[in-house]
């Protein structure tokens with residue numbers, strides 16, 4: 001279990017997180033949105049993310065089914081976290097916002113097949 005702090009670039013948004021698997025849950029996705037964003041994300045359940053500061057500075061982006069919810073700082077534009085479509089009881093957190101974490105800390109990162117999402121194929125995940 002890892003406890004970390006995360007902030008957007010301008011510092012207007014601050015998150016406090018508990019990551020049950022630390023960085024072991026790190027992954028990327030190749031859906032149309034994630035491949036453009038390029039972030040490595042880690043997982044936390046909804047109750048393991050607390051917005052310490054700047055909730056009013058977060059803006060929400062949704063498309064398609066509207067299930068996934070992606071939050072960004074409306075000042076600096078940094079993607080902070082999203083509520084997953086594949087598991088709406090989880091957040092994916094942008095590792096780039098986490099204190100003391102560098103993209104260099106990751107080797108090969110697993111890629112999730114977001115192009116062929118089970119909800120789009122009529123199958124269960």
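Matching residues to (1) more than 16 Å from residue 92 (Cβ to Cβ); (2) surrounded by 14 or more Cβ atoms within 10 Å (Cβ to Cβ); (3) within 14 Å of the chain's Cα centre (by Cα):
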position	(1), (2), (3)
2	no, yes, no
6	no, yes, yes
11	yes, no, no
16	yes, yes, yes
21	no, no, no
26	no, yes, yes
29	no, yes, yes
40	no, yes, yes
49	no, yes, yes
Given the criterion touching a strand residue (DSSP E or B) at 6+ places or on another chain (Cβ under 8 Å), closer than 20 Å to residue 2 by Cβ and in contact (Cβ under 8 Å) with a residue 24 or more places away in the chain, identify the matching residue among 101, 78. 101
So the strands (runs of 3 or more DSSP E) completely within the range 1-97 holding 2 or more residues that are under 20 Å from residue 108 (Cβ atoms) and at pLDDT 90 or above are 41-45, 90-94
Is it the case that some residue within the range 51-68 is over 15 Å from residue 7 (Cα atoms), surrounded by fewer than 17 Cβ atoms within 10 Å (Cβ to Cβ), in contact (Cβ under 8 Å) with a residue 12 or more places away in the chain and within 11 Å of the chain's Cα centre (by Cα)? no
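The values are calculated or read from the model by the stated rules, or taken from the named source; none is laboratory data. All of these numbers come straight from a predicted model, not from anything done at the bench. Don't worry about glycine lacking a Cβ; one is built from the backbone with ideal geometry, like all the others, and counts go over all protein chains shown.
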